[in-house]
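Novice: Here it is: the structure, laid out below.
The values are calculated or read from the model by the stated rules, or taken from the named source; none is laboratory data. The structure displayed is predicted, hence computed values, not measured ones. A quick note on method: Cβ atoms are made from the backbone with ideal geometry, for glycine too, and the neighbour counts reach across all protein chains shown. What goes into the accessible areas is simple: the full protein's heavy atoms, side chains included, and nothing from ligands, DNA or RNA. Shrake-Rupley method; radii C 1.70, N 1.55, O 1.52, S 1.80 Å.
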Amino acid sequence: MLPRKRGVDAGEVQDLHNKAPRPAAPAPAQDDPMAARAPEIDEDLHSRQLAVYGRETMKRLFGSNVLVSGLQGLGAEIAKNLVLAGVKSVTLHDDGKVDLWDLSSNFFLSEKDVGQNRAQACVPKLQELNNAVIISTITGDLTKEQLSNFQAVVFTDISIEKAVEFDDYCHSHQPPIAFIKSEVRGLFGSVFCDFGPEFTVLDVDGEEPHTGIVASISNDNPALVSCVDDERLEFQDGDLVIFSEVHGMTELNDGKPRKIKSARPYSFTLEEDTTSYGTYIRGGIVTQVKPPKVLKFKTLKEAIKEPGEFLMSDFSKFDRPPLLHLAFQALDKFRTELLRFPIAGSADDAQKLIDFAISINESLGESKVEETDKKLLQHFASGSRAVLNPMAAMFGGIVGQEVVKACSGKFHPLYQFFYFDSVESLPVEPLEASDLKPENSRYDAQISVFGAKLQKKLEQSKIFMVGSGALGCEFLKNLALMGISCSENGKLTVTDDDVIEKSNLSRQFLFRDWNIGQPKSTVAATAAMAINPKLHVEALQNRASPETENVFNDAFWESLDAVVNALDNVTARMYIDSRCVYFQKPLLESGTLGAKCNTQMVIPHLTENYGASRDPPEKQAPMCTVHSFPHNIDHCLTWARSEFEGLLEKTPTEVNAFLSNPSGYATAARTAGDAQARDQLERVIECLDRDKCETFQDCITWARLKFEDYFANRVKQLTFTFPEDAMTSSGAPFWSAPKRFPRPLEFSSADPSHLNFLLAASILRAETFGIPIPDWAKNPKKLAEAVDKVIVPDFQPKQGVKIETDEKATSLSSASVDDAAVIEELIAKLEAISKTLPPGFHMNPIQFEKVSVSN
């Protein structure tokens, strides 16, 4: 999913005796033995995670053993996220039995599980998510000594007294065991983390180090460093940076981290005296250094008394966390003394909890909360028994991410308390105690918070959900558990025109490996009905767009109560938003990008709509920069994507257009009569003549020559036309920042990156020509032998070759006075080539897929 707007970091969101012994070194490190013993990463399955976490982090994660205690809705969400992430093992602990109340939030359970042990009832469906993860259970009492089998332990339903005992053991254990305590109580939730006395965070934010291209460095104390002005610097005061490729002031190329200050958009000051250094001539790359950060966690026993700063999620409730810190302690005391939860709607029970809170508060002395909001505490008490699905889903995501941080050292952990509430979700009208009484249904937990009237309204609602991928699966699960559209009068319509791929399985949890190739919407809807058989859902495979307004017509839109977006592109979001504005329908919009996410609730006549504000357009690099003078990875990616589409999608599409209607195609080219039409004809001829492939060896030859063209010949021609000492017409060095002088690559079949390029290119080329891919193609040794058979012609740079340097140029093609005559010649040549093609010949254009792995 690619969101339009970036939001907050998500982190800021068998029997035990058969288990393998806990590795001796839990602290994340490059030589971590856990990583060394971890299994090979299935890149097709975990491609998205690899992009976010990186290979070393994934290896540490794959070697981690985790305990999840308490398998109500929150525990189920956490376990699901960890199994999908691919930890080594997850052990489920719960000594309770399933009852109807659990069905409000635990999607692994059904009515037939009532009376069974919660942990054991969850295992079969949890195991389906990832067979590589070992899942086991503990159904009796848990001892602190058993915790030594794990890298991280999570408790979702435990008394403070017991939590303190377990946390003290984890904190003092060598090596420390990451301890997480989390609760969801109605519309309130909490998380506490203790990762030990000294926990090393290897990468605090997971972002790539910021870089800049040096334009000048002064011989001064302190030295002023200026960078090229086509890209803003992202450095901050106090950052550490290193220099490389600096000409003249070579003293800075020693790899030593240097602290910066006075950071500005295009310059910064270096805390160093450079007066005695060589004079800066040209070049230079400055790169941010991200040093590890050591955090000293308090134990739970210490942190309860002195919590320090709370992580804030809503600055309009800046005074809320201290009160909730008090409320959760009061609830623990209530449960300890009365051995039950407060009864929903009971004024007496609410008052008892308030009295406990006041008593605890008075004992805090100077740290006490100045004002206790009794109305808030009443809401807290009334719904405290309920584990609501939306709250469990949210906190399950947060806690799952904290476990990943604890096991890997990637991303800054939650330090140490986090509290959240959503009391604004309660109905505006006051709820009577009678409306909160249980009805002996799977929705009783929800009814105890929102009341029976709202529950009935949810069941009768008509919802349109667009997309059923990663977010869509989560939303479908949530809607089914909440009972939305679960009556005869309700209806959920879900549409998605995509099919399931292997890479989806690591995050789109309603899908299984046997569903690969099937429609996402159909499989997701079926899985949601398995969670709640009363769900009234219709699955479609139509793309919601102007072309399908005969399906999603006015009558359809008028019937809806709300719309939920689960899309991965801005165009579709804008279209759905425009329909919601026109028909005045509420829209829930959201998106994810790695560990980041955003959400937007659009309410007619109350909030702005999605399309009311837009991100500024991304700055487009000049054509000449992308093709000849790239100086950052974005330029390289843009070039690669352009080449992919040109060679594998656009040209094959043009070939098919010509073959289906030769005369019409020729007429269109003559009518255009320009350089673009000429270039298009040349590409089609080249594809069907010189570059035509009939065997897989032909494809290898084509890929090998492309490698030579891209990474050697073009560079040789560029540096021949503009030598390293070339000057501009004004007398300045041509290769001044941001330009970087390139060096040609020498192909080697022993280099894995070279061979992988050829393998991917050969397979893609074969697919466009419909050529079968032999089994030996993916054998590196045999592929290298086939590649080494290719004869690569010698290349000599030519005089007089024009290479575009004008940043305002929009095309690399140059017009010719005789374009029309050239086009006639090309048409004649193309018609002659077409006669040599076998009957029915056509090509298979390939659209770029960001999750597709060709090898």
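Novice: Taking segment 458-488 on its own, how many of its residues are of a type in the set (Gly, Ala, Ser), farther than 23 Å from Arg579 by Cα and open to solvent by 10 Å² or more (accessible area, probe 1.4 Å)? Spell out the reasoning first.
Specialist: From segment 458-488, those of a type in the set (Gly, Ala, Ser) are 461, 467-470, 472, 480, 483, 485, 487; that's our starting set.
Pick out the ones that are also farther than 23 Å from Arg579 by Cα and you get 470, 480, 483, 487.
Within this subset, residues satisfying the condition of being open to solvent by 10 Å² or more (accessible area, probe 1.4 Å) are 470, 487.
So the answer is 2.
Novice: Contact list please: Cβ distance under 7 Å, first residue in segment 818-837 and farther than 15 Å from Tyr665 by Cβ, second residue at pLDDT below 90 and among the charged types (D, E, K, R), pairs at least six apart or on different chains.
Specialist: So the pair list comes out as Asp819/Asp674; Asp819/Arg678; Val822/Arg678.
Novice: Any residue that is modelled with pLDDT under 90 and either closer than 30 Å to Phe629 by Cα or among the hydrophobic types (A, V, I, L, M, F, W, C) (or both) - is there at least one of those in segment 785-800?
Specialist: Yes, segment 785-800 contains at least one residue that is modelled with pLDDT under 90 and either closer than 30 Å to Phe629 by Cα or among the hydrophobic types (A, V, I, L, M, F, W, C) (or both).
Novice: Do you know which residues across segment 394-405 are closer than 19 Å to Thr200 by Cα and either touching a Cys at 6+ places or on another chain (Cβ under 8 Å) or open to solvent by 10 Å² or more (accessible area, probe 1.4 Å) (or both)?
Specialist: Gln401, Glu402
Novice: Only one residue in Asn632, Asn656, Asn661 is within 42 Å of the chain's Cα centre (by Cα) and either hydrophobic (A, V, I, L, M, F, W, C) or more than 30 Å from Ile285 (Cβ to Cβ) (or both). Which one?
Specialist: Asn656
Novice: Restricting to segment 732-741, and then to whatever is in a loop (DSSP other than H, G, I, E, B) and open to solvent by 30 Å² or more (accessible area, probe 1.4 Å), can you tell me which residue is modelled with the highest pLDDT?
Specialist: Our first condition is that a residue be in a loop (DSSP other than H, G, I, E, B); within segment 732-741, this holds for 732, 734-741.
Now narrow it down to the ones that are open to solvent by 30 Å² or more (accessible area, probe 1.4 Å): 732, 736-741.
Numbers: Ala732: 84, Ser736: 85, Ala737: 83, Pro738: 87, Lys739: 87, Arg740: 88, Phe741: 91.
Only one residue fits best here, namely Phe741.
Novice: Determine if segment 378-397 includes at least one residue that is among the charged types (D, E, K, R), under 22 Å from Ile484 (Cα atoms), in a helix (DSSP H, G or I) and modelled with pLDDT of 95 or more.
Specialist: No.
Novice: Just a yes or no: is a residue in segment 489-498 open to solvent by 60 Å² or more (accessible area, probe 1.4 Å) and under 22 Å from the mean Cα position of the chain (by Cα)?
Specialist: yes
Novice: Hey, among Phe328, Phe297, which residue is in contact with a strand residue (DSSP E or B) (Cβ under 7 Å, 6 or more places away or on another chain), open to solvent by less than 40 Å² (accessible area, probe 1.4 Å), closer than 30 Å to Gly451 by Cβ and of a type in the set (Phe, Trp, Tyr)? If you could, list the steps in order and put the result at the bottom.
Specialist: Details: Phe297 fails: closer than 30 Å to Gly451 by Cβ.
Going through Phe328, Phe297 in turn, the sole match is Phe328.
Novice: For Cys693, are the conditions met, namely being out of contact with any strand residue (DSSP E or B) (no Cβ under 6 Å at 6 or more places or on another chain), part of a loop (DSSP other than H, G, I, E, B) and within 27 Å of Glu785 (Cβ to Cβ)?
Specialist: Values: out of contact with any strand residue (DSSP E or B) (no Cβ under 6 Å at 6 or more places or on another chain): yes; part of a loop (DSSP other than H, G, I, E, B): yes; within 27 Å of Glu785 (Cβ to Cβ): yes.
It is true that Cys693 is out of contact with any strand residue (DSSP E or B) (no Cβ under 6 Å at 6 or more places or on another chain), part of a loop (DSSP other than H, G, I, E, B) and within 27 Å of Glu785 (Cβ to Cβ).
Novice: Could you check segment 41-56 and list, in sequence order, the residues that are open to solvent by 60 Å² or more (accessible area, probe 1.4 Å) and part of a helix (DSSP H, G or I)?
Specialist: As a first pass, look at segment 41-56 and keep what is open to solvent by 60 Å² or more (accessible area, probe 1.4 Å): 43-44, 48, 51, 55-56.
Matches in segment 41-56: Arg48, Ala51, Arg55, Glu56.
Novice: Go through segment 660-675 and give me each residue that's in a helix (DSSP H, G or I) and open to solvent by 50 Å² or more (accessible area, probe 1.4 Å).
Specialist: Ser660, Pro662, Ser663, Thr667, Ala668, Arg670, Thr671, Ala672
Novice: When residues of segment 304-325 are filtered for being surrounded by 20 or more Cβ atoms within 10 Å (Cβ to Cβ) and either of a type in the set (A, V, I, L, M, F, W, C) or more than 23 Å from Ile354 (Cβ to Cβ) (or both), how many remain?
Specialist: Qualifying residue count, segment 304-325: 2.
Novice: Let me ask something else. So is Val83 part of a helix (DSSP H, G or I), in contact with a strand residue (DSSP E or B) (Cβ under 7 Å, 6 or more places away or on another chain), at negative phi and open to solvent by less than 10 Å² (accessible area, probe 1.4 Å) or not?
Specialist: Criteria met by Val83.
Novice: Got a sec? Which of Val564, Val602, Val581 is aliphatic (A, V, I, L, M), over 25 Å from Ala525 (Cβ atoms), at pLDDT 95 or above and in contact with a helix residue (DSSP H, G or I) (Cβ under 9 Å, 6 or more places away or on another chain)?
Specialist: Val581
Novice: List pairs: first in segment 386-411 and more than 14 Å from Phe199 (Cα to Cα), second basic (Lys, Arg) and outside any helix (DSSP H, G or I), Cβ under 8 Å, 6+ apart or cross-chain?
Specialist: Taking only residues 6 or more apart or on different chains, the pairs are Ala386/Arg185; Val387/Arg185.
Novice: Do you know which of the residues in segment 337-350 that are open to solvent by 80 Å² or more (accessible area, probe 1.4 Å) and outside any loop (DSSP other than H, G, I, E, B) is nearest to Phe417 (Cα to Cα)?
Specialist: Here the answer is Glu337.
Novice: Being open to solvent by less than 30 Å² (accessible area, probe 1.4 Å), among the aliphatic types (A, V, I, L, M) and under 25 Å from Trp514 (Cα atoms) is the filter here, so list the residues in segment 104-142 that pass it.
Specialist: Across segment 104-142, the qualifying residues are Leu109, Ala121, Leu126, Leu129, Val133, Ile135.
Novice: Answer yes or no as to whether Leu74 is assigned to a loop (DSSP other than H, G, I, E, B) and in contact with a Ser or Thr (Cβ under 6 Å, 6 or more places away or on another chain).
Specialist: no
Novice: Within the group Ser729, Ser762, which residue is hydroxyl-bearing (Ser, Thr, Tyr) and outside any helix (DSSP H, G or I)?
Specialist: Only one candidate qualifies: Ser729.
Novice: Also, quick follow-up: Output the residues belonging to segment 237-252 that are surrounded by fewer than 16 Cβ atoms within 10 Å (Cβ to Cβ) and part of a helix (DSSP H, G or I).
Specialist: Thr250, Glu251
Here is a yes/no grid of residues against (1) farther than 30 Å from Pro838 by Cβ; (2) in contact with a Ser or Thr (Cβ under 9 Å, 6 or more places away or on another chain); (3) open to solvent by 70 Å² or more (accessible area, probe 1.4 Å):
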{"residue": "Val715", "(1), (2), (3)": "yes, no, no"}
{"residue": "Phe720", "(1), (2), (3)": "yes, no, yes"}
{"residue": "Asp725", "(1), (2), (3)": "yes, no, yes"}
{"residue": "Ser730", "(1), (2), (3)": "yes, no, yes"}
{"residue": "Ala761", "(1), (2), (3)": "no, yes, no"}
{"residue": "Arg765", "(1), (2), (3)": "no, no, no"}
{"residue": "Asp788", "(1), (2), (3)": "yes, yes, yes"}
{"residue": "Asp794", "(1), (2), (3)": "yes, no, yes"}
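Novice: Take segment 801-849 and flag every residue that is modelled with pLDDT under 80 and in a helix (DSSP H, G or I).
Specialist: Listed by number, the list holds a single entry, Asp819.
Novice: From the set of residues in segment 412-432 that are part of a loop (DSSP other than H, G, I, E, B) and hydroxyl-bearing (Ser, Thr, Tyr), which is least open to solvent (accessible area, probe 1.4 Å)?
Specialist: So the residue we want is Ser422.
Novice: Can you name every residue in segment 124-158 that is in a loop (DSSP other than H, G, I, E, B) and touching a Leu at 6+ places or on another chain (Cβ under 7 Å)? Spell out the reasoning first.
Specialist: First, the residues of segment 124-158 that are in a loop (DSSP other than H, G, I, E, B): 130-133, 139-143, 150-151, 156-158.
Asn130, Phe150, Thr156 - these are the residues of segment 124-158 that are in a loop (DSSP other than H, G, I, E, B) and touching a Leu at 6+ places or on another chain (Cβ under 7 Å).
Novice: Now for a separate question. Restricting attention to segment 214-229, does a residue exist that is part of a loop (DSSP other than H, G, I, E, B), under 12 Å from Val286 (Cα atoms) and touching a Pro at 6+ places or on another chain (Cβ under 8 Å)?
Specialist: Scanning segment 214-229 turns up at least one residue that is part of a loop (DSSP other than H, G, I, E, B), under 12 Å from Val286 (Cα atoms) and touching a Pro at 6+ places or on another chain (Cβ under 8 Å).
Novice: Which numbered condition in (1) acidic (Asp, Glu); (2) modelled with pLDDT of 95 or more; (3) under 20 Å from Phe188 (Cβ atoms) is the only one that Glu459 fails?
Specialist: Failing condition for Glu459: (3).
Novice: Let me ask you something else. Conditions: (1) of a type in the set (D, E, K, R); (2) closer than 24 Å to Ala621 by Cβ; (3) surrounded by 16 or more Cβ atoms within 10 Å (Cβ to Cβ). Glu234 meets all but one. Number of the miss?
Specialist: Only one criterion in (1) of a type in the set (D, E, K, R); (2) closer than 24 Å to Ala621 by Cβ; (3) surrounded by 16 or more Cβ atoms within 10 Å (Cβ to Cβ) is unmet by Glu234, namely (3).
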